[in-house]
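**Student:** Take a look at the following structure, please.
The values are calculated or read from the model by the stated rules, or taken from the named source; none is laboratory data. Note that the structure is predicted; figures quoted are calculated from it, not measured. Reconstructed Cβ throughout: ideal geometry from the backbone, glycine too, with neighbour counts over all protein chains shown. For accessibility, only protein heavy atoms count, side chains too; no ligands or nucleic acids. Shrake-Rupley method; radii C 1.70, N 1.55, O 1.52, S 1.80 Å.
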Protein chains: 2
Amino acid sequence: MDDIKPWLTLARVPGLHAGHLGRVGDPLTLVTEPPAALASLGFGAAAIAALRRPDPAALARDEAWLAGAGRRLVTWGSADYPLLLAEIPDAPLVLFVEGAADALALPQLAIVGSRNPTSLGCDTARQFAEHLARAGLAITSGLALGIDAAAHRGALAAGGRTIAVTGCGLDTVYPREHVDLAGEIAASGALVSEMPTGTPPLRQHFPRRNRLISGLSLGTLVVEAALQSGSLITARLASEQGREVFAIPGSIHNPMARGCHRLIRQGAKLVETADDIFAELGALLEGLRTATRAEAPDVQADSRPALDKDYEILLDALGFAPAGIDTLVARTGLATDVVASMLLILELDGRVAQQPGGLYCRRLAGKKA
Amino acid sequence: MDDIKPWLTLARVPGLHAGHLGRVGDPLTLVTEPPAALASLGFGAAAIAALRRPDPAALARDEAWLAGAGRRLVTWGSADYPLLLAEIPDAPLVLFVEGAADALALPQLAIVGSRNPTSLGCDTARQFAEHLARAGLAITSGLALGIDAAAHRGALAAGGRTIAVTGCGLDTVYPREHVDLAGEIAASGALVSEMPTGTPPLRQHFPRRNRLISGLSLGTLVVEAALQSGSLITARLASEQGREVFAIPGSIHNPMARGCHRLIRQGAKLVETADDIFAELGALLEGLRTATRAEAPDVQADSRPALDKDYEILLDALGFAPAGIDTLVARTGLATDVVASMLLILELDGRVAQQPGGLYCRRLAGKKA
């Protein structure tokens, strides 16, 4: 554990990230560099003080926390530093992790959104998380109230893995309501923060936290978000990091859909089902998906889109025994050519099939021609 | 009225449109051209027969209809032929018009959608139509059940003008339920068809009708549409005609939003408020809009009195997609009979509506049951 102190020192330099390494290469050299050399590298007085005169009590507190079960430090350049996170320009040099650190190596999808979502928004977040976790994606979010929590819970309910990135030291759980949830997350997935112990959950920490959520993930799905939601920051960061941005539309009368609509206007992929996400992430995930497709129900479980009324009438007239066009004309009162063209459309749509003898019968959901 | 017969003859040539004129120039020459010359122009036997041997009884029926009050024929190349419609490659040579033919010269926005929309979808169509009509746009649609009718009614409620394009001769009103509505439309706006009297409302006429709805209009707004909705045909035609396509997003749990979401994925403008439409139509409409901005309320304004907390909780639980009583009981933790009686009160108060299938959805301000 002796070699951990320099990393803990780096963790406490305000705003320091991998983008500052530049000519330095190995971040640990920063801890031994003379102040004049640090100044010539562009470091200011506060950073130099933090590097050269770390607070021993603070480092001791970090070490004490790290001595707890299931806790560890993941450091820049180490084999278990997450590959996608290493790609972002302002990657953290140190990650405090509690739980199963190997979860960080899984392909991740971020699911984020409002702290005050509608019930339906929560259901949607949970359903997508369940479905995607079952397909092998880890679900990454921010442990916040609302959509974040629903996403974590959905992944847990599916027996999947989920990662919570926080905006404070991991010795604090914020919000307090999520102490139990944090415990469940750590049991199979991981809690992650770049912030050392004793760091409070200040408002200005959350945009920094958000860049890790998007940076760890192949893409970010925003479920519900008001126009001023922090989720839009996460989405912007994902986009700047070259990651996919997904957004779920909603009623124009739902203020929590406004943020998603803005994202869609700006180019985010409009998502109605989990398959829309798979379609974008594509080849990267193909292996995962085929492995689980059989057992994974579609998020919109029930079904095929509703039919227009005439088609419903025709299907009702068809019932569940084979019938010919003349019978259907007699039952519906529609013209023969109308019935014929409607049947063709229903056949193309996989809802009816033609049998030998020109009789039509219904097909069940999911049995396309 | 003597010179009208050649135009009525042209109106009865199956599928004939301005795109066929080519070298001919003046369409009336087609009526006097010898059959061999017509054949050399590419006309088939049916078209030649229709041009050379028109049915006198049919023409007499058209003339009799046109003799009625407020009825007229608008012909290709005449001063009152709508300018935007003349731009489309398959513009009709003849329009039968009932009502105020000058309405066709107004800048128009088409509002179309499902024949089986949600109550909320109807409210939305009506509110957009009201707002846009008040701003000086004529609202053009197809007189169908559902969204079309709501759009026409919204324009009428605003004291604006609205144009209904039909897929049958104007001696028939289809659907029959809209006889009164058609009368109201003709009183200040116009009923329009390229189809002569006696033409029934066959299914295959509607795509042809749809090209006129989009072709008359600066843009087409789709409010709610299933994936197989004819509204998507109108939107595709609008796009092919170089006009704007607008679509209103909805909950992913609302099947009637699927068509709109498909359009948005294909590049349609996502619309949340009437201002989104003005922003696209821009300069063309600036004059109109500033004249009415002061008196035009925002589409999303809601000035109804606040509700008791339990009712707010129930409405929040309902969200913005249809839900059944069981779902609401699960979401709120309230007893079934309590939820049922609260829903009844909210329904009487015009805040929710029951849909076929026992699902409830929210309604907007000012639309009492």
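**Student:** Looking at (1) touching a Phe, Trp or Tyr at 6+ places or on another chain (Cβ under 6 Å); (2) closer than 24 Å to A:Arg236 by Cβ; (3) open to solvent by 50 Å² or more (accessible area, probe 1.4 Å); (4) not β-branched (Val, Ile, Thr), can you tell me which one A:Leu202 breaks?
**Tutor:** (1)
**Student:** Only one of (1) within 11 Å of chain B (Cβ to nearest Cβ); (2) open to solvent by 10 Å² or more (accessible area, probe 1.4 Å); (3) touching a Leu at 6+ places or on another chain (Cβ under 7 Å) is not met by A:Pro255, so which one is it?
**Tutor:** In the conditions (1) within 11 Å of chain B (Cβ to nearest Cβ); (2) open to solvent by 10 Å² or more (accessible area, probe 1.4 Å); (3) touching a Leu at 6+ places or on another chain (Cβ under 7 Å), A:Pro255 misses (3) alone.
**Student:** Of the numbered conditions (1) more than 23 Å from B:Arg61 (Cβ to Cβ); (2) touching a helix residue (DSSP H, G or I) at 6+ places or on another chain (Cβ under 8 Å), B:Glu194 fails exactly one; give the number of that condition.
**Tutor:** (1)
**Student:** Restricting to the range A:149-182, give me the number of residues that are over 14 Å from the mean Cα position of the chain (by Cα) and assigned to a helix (DSSP H, G or I).
**Tutor:** The total comes to 8.
**Student:** Tell me, which residue of the range B:343-359 that is in contact with a strand residue (DSSP E or B) (Cβ under 7 Å, 6 or more places away or on another chain) and either more than 17 Å from B:Cys122 (Cβ to Cβ) or of a type in the set (A, V, I, L, M) (or both) is surrounded by the fewest Cβ atoms within 10 Å (Cβ to Cβ)?
**Tutor:** Looking at the filtered set, the residue picked out is B:Leu359.
**Student:** List the number of the failed condition for B:Ala317; all other conditions in (1) outside any helix (DSSP H, G or I); (2) within 14 Å of another protein chain (Cβ to nearest Cβ); (3) open to solvent by less than 70 Å² (accessible area, probe 1.4 Å); (4) modelled with pLDDT under 85 hold.
**Tutor:** Result: B:Ala317 fails condition (1) only.
**Student:** Of the residues B:Leu120, B:Leu73, only one is among the hydrophobic types (A, V, I, L, M, F, W, C), part of a strand (DSSP E or B) and touching an Asp or Glu at 6+ places or on another chain (Cβ under 9 Å); which?
**Tutor:** B:Leu73
**Student:** Checking the condition over 26 Å from the mean Cα position of the chain (by Cα), modelled with pLDDT of 95 or more and surrounded by 13 or more Cβ atoms within 10 Å (Cβ to Cβ), which residue from B:Ala47, B:Ala91, B:Ala64, B:Ala58 passes?
**Tutor:** Being over 26 Å from the mean Cα position of the chain (by Cα), modelled with pLDDT of 95 or more and surrounded by 13 or more Cβ atoms within 10 Å (Cβ to Cβ) holds for just one of B:Ala47, B:Ala91, B:Ala64, B:Ala58, which is B:Ala58.
**Student:** Give just the number: which of (1) on the phi > 0 side of the Ramachandran plot; (2) open to solvent by 60 Å² or more (accessible area, probe 1.4 Å) does B:Ala79 not satisfy?
**Tutor:** Condition not satisfied by B:Ala79: (1).
Residue by residue, here is whether (1) outside any helix (DSSP H, G or I); (2) at pLDDT 95 or above; (3) more than 14 Å from every other protein chain (Cβ to nearest Cβ); (4) more than 30 Å from B:Gly121 (Cα to Cα) holds:
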residue	(1), (2), (3), (4)
A:Pro207	no, no, yes, yes
A:Arg211	no, yes, yes, yes
A:Ser214	no, yes, yes, yes
A:Thr220	yes, yes, yes, no
A:Ser231	no, yes, yes, no
A:Ala238	no, yes, yes, yes
A:Phe246	yes, yes, no, no
A:Pro249	yes, yes, no, no
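**Student:** B:Leu156 is checked against (1) open to solvent by less than 20 Å² (accessible area, probe 1.4 Å); (2) closer than 17 Å to B:Thr140 by Cα; (3) of a type in the set (A, V, I, L, M) and fails just one. What number does that condition carry?
**Tutor:** (1)
**Student:** Within the range A:124-146, does at least one residue satisfy the condition of being within 24 Å of A:His205 (Cα to Cα), modelled with pLDDT of 95 or more and surrounded by fewer than 20 Cβ atoms within 10 Å (Cβ to Cβ)?
**Tutor:** yes
**Student:** Moving to a separate point now. Check A:Leu85, A:Leu38 and return the single one that is open to solvent by less than 50 Å² (accessible area, probe 1.4 Å), under 32 Å from the mean Cα position of the chain (by Cα) and not hydroxyl-bearing (Ser, Thr, Tyr).
**Tutor:** A:Leu85
**Student:** Let me ask something additional. Scan the range B:31-52 residue by residue and report those that are part of a loop (DSSP other than H, G, I, E, B) and either under 18 Å from B:Gly19 (Cβ atoms) or touching a residue at least 60 places away in the same chain (Cβ under 8 Å) (or both).
**Tutor:** B:Glu33, B:Leu41, B:Gly42, B:Phe43, B:Gly44
**Student:** Given the condition within 24 Å of A:Ser341 (Cβ to Cβ), of a type in the set (Ser, Thr, Tyr) and surrounded by fewer than 24 Cβ atoms within 10 Å (Cβ to Cβ), answer yes or no: does some residue in the range B:187-199 qualify?
**Tutor:** yes
**Student:** Scan the range B:266-282 and give yes if some residue there is surrounded by fewer than 23 Cβ atoms within 10 Å (Cβ to Cβ), in a helix (DSSP H, G or I) and under 12 Å from the mean Cα position of the chain (by Cα), otherwise no.
**Tutor:** no
**Student:** Every residue in the range A:183-205 that is polar (S, T, N, Q) and either under 20 Å from the mean Cα position of the chain (by Cα) or outside any helix (DSSP H, G or I) (or both), please.
**Tutor:** Answer for the range A:183-205, where residues must be polar (S, T, N, Q) and either under 20 Å from the mean Cα position of the chain (by Cα) or outside any helix (DSSP H, G or I) (or both): A:Ser188, A:Ser193, A:Thr197, A:Thr199.
**Student:** Moving to a separate point now. Suppose we keep only residues that are open to solvent by less than 10 Å² (accessible area, probe 1.4 Å) and not small (Gly, Ala, Ser) within the range B:104-123. Which one would you say is farthest from the other protein chains (Cβ to nearest Cβ)?
**Tutor:** B:Leu104
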